[in-house]
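Asker: Structure in structure tokens, see below.
All of the numbers you see were taken from the coordinates with simple rules; none came from a lab. Everything numeric here is computed off the predicted structure, so don't read it as measured data. Neighbour counts are summed over all protein chains in view; Cβ atoms, including those assigned to glycine, are modelled from backbone coordinates with ideal geometry.
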Amino acid sequence: MSLNRLLNSSLKFRLWNRSYRAVGATAICLTSAFGANKAVAGSDEPPPTGEGVDAAKMETITVTGVREDNTGASAINSPQAISTITQQTMQQQATTRLEDALRNVPGITLNSGEGGAHGDAINLRGFPLTDGFFLDGVRDPGSYARDSFDVESIEVLKGPSAILFGQGSAGGVINQTSKMPRLAPILGATAELGSNQEFRGTADIDQPFGDSAALRLAVMGEKSSVTDRDNVRNARWGAAPSLSFGIGEPTSLSLSYFHQQEHDVPDYGIPFLFDAPAPVPRNSYYGLRSDDVTETDVNILTVRASHAFNDAVTLTDSFRYGNYWSNYRVTAPHFGDDNTDGDGEPPLPAPGDPLSEIEVLRDRPSSEGTETSLVDRVDVTDKFDTGGFAHAFVGGVEIGRQTSDLVRFDNQIDQIAPALLLAPNPNEAFPGTQTAIAARPSTTADTQAAYIIDTIQLTEQLSAIGGMRFDRFAASFDEPISGAHFNRTDTAWSPRAGLLFKPMETQTYYISYSRSFDPSASYLTLAPDNASPAPERAKTYEIGAKYNWLGGQLFTTAALFRTELTNARISDPDDPTLQEQAGQNQRVQGAEFGINGYLTEHWEIAAGYTLLDPKITSSTITGEVGRLLPNTARGTANLWVTYESDDAWRIGAGMNYVGHRFADTLNAVNIPGYIVWNAMLGYKITDDIDLQFNIKNITDRYYYDASYYADPAENHVIPGPGRTFTVTTSFRF
């Protein structure tokens, strides 16, 4: 069982052995971009006492290296909707990927890449989150599939969050908190086997030395496939050592290194046909298994130093260097064109054509290259009284540089033999080698930023949050083959304002306003013309309520929100690694509800529902105005319930629901909605050995997950895995 981070640093308190997880869940912290080491999270509420609490089962926990958000606030005191996925939930669901863990957050749908785009790609509240990934509060821009082996928790901050994190998505940001050294020894391992030919092992080792230092190491190795997607293969390994000095002391230093490699046979799914996913078996595979590959090599070094001058003032410096190499070569389904340009490609299939006679062309949207990220951030926090009001002040400066150097290869659509829609052959050999280079785009982007945030306690029950951030983002793009060269510099002010009303410690009502921006080169690409797009700009209005129940065991949230986005961008259909202005303004408004914690001593629940109204409000393309945003479901929901008995047994079950979506901006291409049911049964063999059995997609539902749609010829949607069984054995030594 995992512990979350406490709100207040260097505390000692008693936790009820069975319900401490729910207590922590009631007040999960936002992760700041300047936070120190990971630690235990708790609640504003005291530990439970009274009937049913066995004092003999209580233990004293020492908490060190704690972080709060940039405003110094916990989740219940933040004017923003936040979802947190704990390590415990991921373990119960046998989740090993970030994208899979995010199924616990309503309002999220998955995207599929094209043109060299790969790795994690999601929509949050209707908006793509390409550049909204963070690791321990610092931007993690690499294109790779993030594994959970070194993850303590995942936090989803919804709505524009530029004041905390700089440029980014209108939908919000996703932050992973890493496993960091602690002063309690750990020696654990897991072994997982799955019906999808999965063999996975992990280890987590923590060794304290001295009074305030510790070393921790997390490692992982895996080989697996995807149930009913017989030709897809995953192979990865990772290691994450970290070293901390001064844990729980005024001065601390931590060094961490993250390494992950993968060598996969990727999945580009099946094509859309006649405005819906092609009616083919789930195992239909249109790639070339012998030659398709996704390779990544991720290396991230982080150094963080912090000094508390006194109880009020703390200075923190965070430095990071990230290097992300990838090699992406994949064969994707394609339907050619309308044969009007004389290139010899067949016309698009027409309704009434026999499925057995339809041919699918195959192209190779492939690339290889390296992205880097260098950032240093200095932050100061201060608590003081002035004018009769208490203030919690945070300020900081940040400088950074990101680079991208890619090689894009020729598409080769005319060199690969077409496949029959109903009988593709994944074992065909790739004709020749992929050596012809189409482009060598290179981008450098420099960032300078400064921000201030002040939380003012106006009365005992009312507080105000206000702040401003300034960013300067300067990018330079070169493509030597075409001779293209672009420069663009964008500046932006990102304000945030909010009011919080707390009639009692267990209740918070809030209203907030925030803005964000996303420059055209934030994806490290620029437009193919001389005037690259202006930044996307978003503003959000949100009103919500947060409650603690049952003595802090249960946490509920509700929010109404409206986000308006201007200058929306899309990928250039002729070169998807480049961005062009879509001529769109977009608006998403909706409501969301959540409940997390313990209903009783034995019953735990995590559930949420989001209802969206995602519209295109203006466009240069006839017919788009008033349409729903692509790949955005009006309704999404999640549920996960567990029962842990007094003896060694535990059982869990839940579902993920995603409503109907449209794949295109004209709302002509349909993706059916779905519900997937999952279950878990666990048994503690001894205090040190645990056995867990999971069933994913119990009903073997044939559903469609991530999608990509450029036009009727170039598109695909990826089927979700079929029924999958896993067995996990956990060891503690």
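Asker: For the residues Phe477, Phe319, what sequence is obtained by ranking on other C-beta atoms within 10 Å, fewest first?
Answerer: So the residues, fewest neighbours to most, are Phe319, Phe477.
Asker: I've got another one for you. Please identify every one of the trypsin sites (Lys or Arg not before Pro) in region 618-666 that sits in a loop by DSSP and has no more than 13 other beta carbons within 10 Å of its own beta carbon.
Answerer: none
Asker: Over region 600-686, consider all pairs of different Cα atoms and compute the Kirkwood hydrodynamic radius from their mean reciprocal separation; express it in Å, one decimal.
Answerer: The answer is 15.7 Å.
Asker: Any chance you could run the full-extension gain for Ile452 through Trp493? It's 0.36 nm times the residue separation minus the Cα-Cα distance, nm to one decimal.
Answerer: Here the answer is 13.6 nm.
Asker: Suppose R0 equals 22 Å; then what is the FRET efficiency for Val727 and His263 from their Cβ-Cβ distance, rounded to the nearest 0.05?
Answerer: 0.35
Asker: Cα gyration tensor of region 419-462, axes a ≥ b ≥ c as square roots of the eigenvalues: rounded (a/c below 1.5), prolate (a/b > b/c) or oblate?
Answerer: oblate
Asker: Sort all Cα-Cα distances of region 601-641 into consecutive 10 angstrom bins from zero, then give the percent of pairs in each bin up to the one containing the longest distance.
Answerer: 24, 31, 21, 14, 7, 2
Asker: Using a basic spin-label model with each label point 7 Å from the Cα along Cα→Cβ, how many nm lie between Asp275 and Lys383?
Answerer: 6.0 nm
Asker: In vacuum, with every alpha carbon of region 213-347 counted as one equal point scatterer, what does the Debye formula give for log10 I(q)/I(0) at q = 0.10, 0.12, 0.16 Å⁻¹? Two decimals, please.
Answerer: -0.60, -0.71, -0.93
Asker: Where in region 386-404 is the amide nitrogen less than 17 Å from a point lying 7 Å along the Cα-to-Cβ axis of Phe470?
Answerer: 395-400
Asker: So, R0 is 45 Å and r is the distance between the beta-carbons of Asn427 and Thr617; what FRET efficiency does that work out to, to 0.05?
Answerer: After rounding, the FRET efficiency stands at 0.40.
Asker: List the residues of region 388-407 whose backbone N lies under 13 Å from a point placed 7 Å from the Cα of His485 along the Cα-to-Cβ direction.
Answerer: none
Asker: What distance in nm lies between label points placed 7 Å from Cα along the C-beta direction at Gln415 and Thr686?
Answerer: With each label point 7 Å from Cα toward Cβ, the separation is 5.9 nm.
Asker: Still on this structure, I have one more. Can you give me the Kirkwood hydrodynamic radius for region 190-255, using every pair of distinct Cα atoms, in Å to one decimal?
Answerer: This gives a value of 14.2 Å.
Asker: Turning to a different aspect of this structure: Order these by the 10 Å Cβ neighbour count, fewest first: Phe662, Phe593.
Answerer: So the ranking, lowest neighbour count to highest, is Phe593, Phe662.
Asker: If you don't mind, another one. Which ³J(HN,Hα) values, rounded to whole Hz and listed in residue order, are derived for region 543-557 from phi using the Karplus coefficients 6.51, -1.76 and 1.60 in 6.51 cos²θ - 1.76 cosθ + 1.60 with θ = phi - 60°, glycine and proline given as x?
Answerer: Per-residue couplings from phi come out as 10, x, 9, 9, 10, 9, 10, 6, x, x, 7, 10, 10, 10, 9 Hz.
Asker: OK, next. Would you list the P(r) distribution for region 138-197, with all Cα-Cα distances sorted into 10 Å bins from 0 and each bin expressed as a whole %?
Answerer: Computed distribution, short to long bins: 16, 37, 28, 18, 2.
Asker: OK, next. I'd like the FRET efficiency for Arg634 and Asn310, computed as 1/(1 + (r/R0)^6) with the beta carbon distance as r and R0 of 56 Å, rounded to 0.05.
Answerer: 0.65
Asker: Suppose we keep just the alpha-carbon trace of region 12-732; what are its Rg and Dmax in angstrom?
Answerer: 25.2, 82
Asker: What is the order of Val280, Val669, fewest Cβ neighbours within 10 Å to most?
Answerer: Val280, Val669
Asker: Relative to a virtual label point 7 Å from the Cα of Ile543 in the Cα→beta-carbon direction, which members of region 430-472 show backbone nitrogen distances below 19 Å?
Answerer: 462-465
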